[in-house]
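Please read the structure below before turning to the comments.
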Amino acid sequence: MLWCALRLPSPSGSELTEPTASALRGLATWALQFAPRVALLDEAVLMEVQASLRLFGGAIALAERVRTDATVLGAASLAWAPTALGALALARADIGGVDAAPLDERLDPLPVAALTAAVPHETTLAQLGCRTLGELRALPRGGITRRFGAELIDALDRAYGLRAEQFAWVTVPETFSAKVELMARVETAMALVFAAKRLLLQLHGWLVARNAGVTTFTLRWVHDTMRPKEVGVSDALVIRTAEPMRDVDHLSHLLAEQWARVQLAAPVECLELVVDDVRDYAPPNASLLPDASADRESLTLALERIAARLGPERVLRPALVEDARPEWAQQWRPASTPQRPKATRPDGMPQPTFLLPEPLRLAVRSNRPLYQGELQLLLGPHRVEGGWWHRVEVAHRAVESRQVARDYWVALSAHAGALWVFQTRLAGDEAAWFLHGLFA
């Protein structure tokens, strides 16, 4: 068994303040990405990582990864041990690292205050000449129980692995909302990036635990109470990604690009991150062969960063939509807009390579359409009807409908090759033919 204790800078045995308790919950949410068994105890987060070692490349690699991000989240110390209370005692003594030495050799030199149950009796134990956990273990167990209660012996046994430990495990919240109180008033937006990364690390842990990726989240900042009267209580920034994302570095870059164009109306004292939309996330598969999906992902990340810098309305990408009308089946949308599943065409009708900007009306002879000669109809008709819901404002504020009812054909021209034409009926049941596309 291997436990990790992540301790926040709070005196052991004292009551936690609300900011510390909030930071502790955030640290626990972040820790859920490493192990499903995470618990809160006093001023620390405990996680049982034995079953996760192989996934993260062993204890040494996992310890290095945990240490890097835990420091950003405010952890003052962390330690590893075969028991939860033993790891917490080592963290309070700031003795970290994965050590293969026997547990009793590591715990015996620690002061008795490293054990929460011993803190109320620290003065009495010192008067008895008992200042370390090893000296406490050497005392008669019956005498300790009679004088200090069974709780102290129970905690001592659980720390040394002589008795099983039981905890109430932290569960993954259904929604994500995290807040961080700033240590000082911040007057520039770019100075908030470091504090925002703490929230993004918590978000990453929550997303990994839920096997999801974020597509939209809101970062809200609360202005100082000494703000001018005309300034509101808070302001917010909405971040969108084209694909489900949980890469902390990429999200940090998006925030930095957005904040570079933000002028704070007043100093900020608090940051809050709220997730608006999440979707299922498929992690990239490791492969020995070149993977085209990696190139597509790189392009998506680059477009999002450019859009964050220039503005979403200046970076557009084509997107297929579920619309039977060919001229409306593709639209230009902001690159940061979440991608929808690709539109499908179950009818199996061939689609032209090139589509004309506007359908070209054709001449008709003996009920046959003409385009560089008489056309031979090869395949069809294929009825396309829709758009009754589509209204467009034109000149003088008049509103026109974009409803269509067409019969499409694949036609052959002796000179122009394969064409895509359709027939419609105008006023008075007059048949009309139009050229709409060409096949390469």
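Amide H contacts of residue 315: 335, each under 5 Å away and 5 or more positions distant or on a separate chain (H built 1.01 Å from N in the peptide plane; Pro and chain starts excluded). Here the Karplus relation 6.51 cos²θ - 1.76 cosθ + 1.60, evaluated at θ = phi - 60°, turns the backbone of segment 169-177 into coupling constants of 6, 6, 9, 6, x, 6, 10, 10, 8 Hz, with x for every Gly and Pro. In segment 360-440, which GluC sites (Glu not before Pro) are in a loop and have at most 11 other Cβ atoms within 10 Å, using DSSP for the loop call? Counting only loop positions with at most 11 other Cβ atoms within 10 Å, the GluC sites (Glu not before Pro) in segment 360-440 are 430.
Sorting 246-253, 212-219, 178-185 by their mean Cβ neighbour count within 10 Å, with the most densely packed peptide first, gives 212-219, 246-253, 178-185. Within the accessible surface of the chain, defined with a 1.4 Å probe on protein heavy atoms only, the carbon and sulfur portion equals 53 percent. Selection among 8, 50, 355 by position relative to the dipole of the chain gives 355 as farthest towards the positive end (Cβ unit charges, Cα centre).
Using C-alpha pairs under 8 Å with a sequence gap of at least 6, the mean separation divided by the residue count of the chain gives a relative contact order of 11 percent. Here the sum of -39500 (n - 2.57) over DSSP H runs of 4 or more residues, divided by the residues of the chain, equals -8500 deg cm²/dmol at 222 nm, to the nearest 500.
Using the Karplus relation 6.51 cos²θ - 1.76 cosθ + 1.60 with θ = phi - 60°, the per-residue 3J(HN,Hα) values for segment 101-110 come to 5, x, 4, 5, 5, 7, 8, 4, x, 6 Hz, with x marking Gly and Pro.
The 3J(HN,Hα) values that the Karplus relation (6.51, -1.76, 1.60; θ = phi - 60°) gives for segment 258-275 are, in residue order, 5, 6, 4, 9, 9, 10, 5, 6, 6, x, 10, 10, 8, 10, 9, 10, 10, 7 Hz. Gly and Pro appear as x. Given the choices (i) 65, 59, 50; (ii) 116, 57, 32; (iii) 63, 41, 40, Cα extents along the principal axes in Å derived from the coordinates of this structure is entry (ii). Projected label points at residue 138 and residue 94, each 7 Å from Cα along the beta carbon direction, are separated by 2.7 nanometres. Surface exposure of the chain, expressed per residue as accessible area with a 1.4 Å probe, stands at 55 Å². From the alpha carbon centroid of segment 209-259 to that of segment 49-68 is 30 Å.
The values are calculated or read from the model by the stated rules, or taken from the named source; none is laboratory data. Computed from a predicted model, the values in this text were never measured in an experiment. Every residue, glycine as well, gets a Cβ built from its backbone with ideal geometry; the counts of neighbours run over all protein chains shown. The area values use the complete protein model at the heavy-atom level, side chains included, leaving out ligands, DNA and RNA. Shrake-Rupley method; radii C 1.70, N 1.55, O 1.52, S 1.80 Å.
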